[in-house]
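What follows is a single structure, written as structure tokens, with notes after it.
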Amino acid sequence: MNNLISIIIPVYNRENFIQHAIKSIILQDHHEKEIIVVDDGSSDKSALIAKQALSSGNVPYKIIRLTENQGVSHARNIGIKESQGTYISFLDSDDSCDATMLSSMFSQSVKDAGNIADLVFCGYRKFHTNDNTTETRLLNDKLINNIPTDDIALSRIFNKFEPALSSLFRRDLLIQNNIFFHEDCYAGEDGEFFLKAIIRSKKIAAIPSAPYIYVQHEAMGINQSIPSKSIDRYNNNTLALTRTLKYILKNSESPRLRNAAKYYLLPMVLQRHFSHAAMRGDENTFFRMLKNIQCRKKLLSSYHMLPIEPEIFFKSLALLASPHRYYCHYSKKYT
């Protein structure tokens, strides 16, 4: 096994941030690394600034330039295919990380020399540029280290922990199981990718620190402030959840994971379809779904989750008992 880590940085029109992102990787104290920048059809100087930063860094690198913007998932997938490392990590072009991030995760990955980890998770910090404040999201590594992967998958499904995308992914795990980012999706694709990787993993580890830094800046909020864009993102998240539950049912033999897919994720997806119809002001679709007996039964099947995640059942009850109130709640937010 080589100790090489491939860091994939997709970039699209981030000329004001890309240099800082690249430098945070160049300064990593894990020396065996390569940097792959995938310029996703930028119309600014992102690629030029990336080349200038990389050429002075004494780190092997590739810059892949796409002629047109095809989305962050496509750019990341190209990076995965071009990578040479034993492990892959991701860094968004407007983010950064502490200098010990890669070495800390790599040390954890090989702690048991005869059984290296398929995934190594880390926590993250959110830095808000508007007021210079920082939120820290540490992982409870006791939920992960030396824990069966089924339990980790369930914790992720129930949102008990949220790792940073910079976590280490063993490249062979991704390639051999055909795990890539869904390219027709621009919201929820990270969570879908994580869960597929978790389900296919045999050993997962974590570090208790939060070395990844998500930089929250004004440009990020432009689309979210537009109601139609928010509705589209909501729908994309719903479609990602749908693909995730189908993936579990197709690829997992774990009764607990299959039950979570059938009695938690499926009712959640149906609830979100109702919510999405209300957001769009589509009253006909909303009440047509409500009349569907199978749909109602699947919503109520969430009672199986009462001892674990009761909220999913109570929301199903609220929808079925007071559909007009449910419809008005979501329609008023976006119409």
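Helices (runs of 4 or more DSSP H) fully within the range 250-335 that include at least 2 residues being more than 26 Å from G191 (Cα to Cα) and modelled with pLDDT under 95: 323-334.
Looking only at residues of the range 236-251 that are without any contact (Cβ under 8 Å) to a residue 40 or more places away in the chain and crowded, with 17+ Cβ neighbours inside 10 Å, we find that the one that is farthest from Y263 (Cα to Cα) is T242.
Between F180, F193, the distinction of being modelled with pLDDT of 95 or more, among the aromatic types (F, W, Y), out of contact with any helix residue (DSSP H, G or I) (no Cβ under 6 Å at 6 or more places or on another chain) and within 24 Å of Q70 (Cβ to Cβ) belongs to F193 only. Every test in (1) open to solvent by 80 Å² or more (accessible area, probe 1.4 Å); (2) within 23 Å of A197 (Cβ to Cβ); (3) basic (K, R) is passed by K229 save one, and that test is (2). Per the listing L290, L241, the residue uniquely within 30 Å of R200 (Cβ to Cβ) and among the hydrophobic types (A, V, I, L, M, F, W, C) is L241. Listed by position, the strands (runs of 3 or more DSSP E) inside the range 16-126 whose residues that are open to solvent by less than 40 Å² (accessible area, probe 1.4 Å) and among the charged types (D, E, K, R) number at least 2 are 33-39.
The values are calculated or read from the model by the stated rules, or taken from the named source; none is laboratory data. Worth saying up front: this structure is predicted, and the values here are computed from it rather than measured. Because the Cβ atoms are built from the backbone with ideal geometry, glycine has one as well, and the counts that use them run over all protein chains shown. Accessible surface areas use protein heavy atoms only, side chains included; no ligands, DNA or RNA. Shrake-Rupley method; radii C 1.70, N 1.55, O 1.52, S 1.80 Å.
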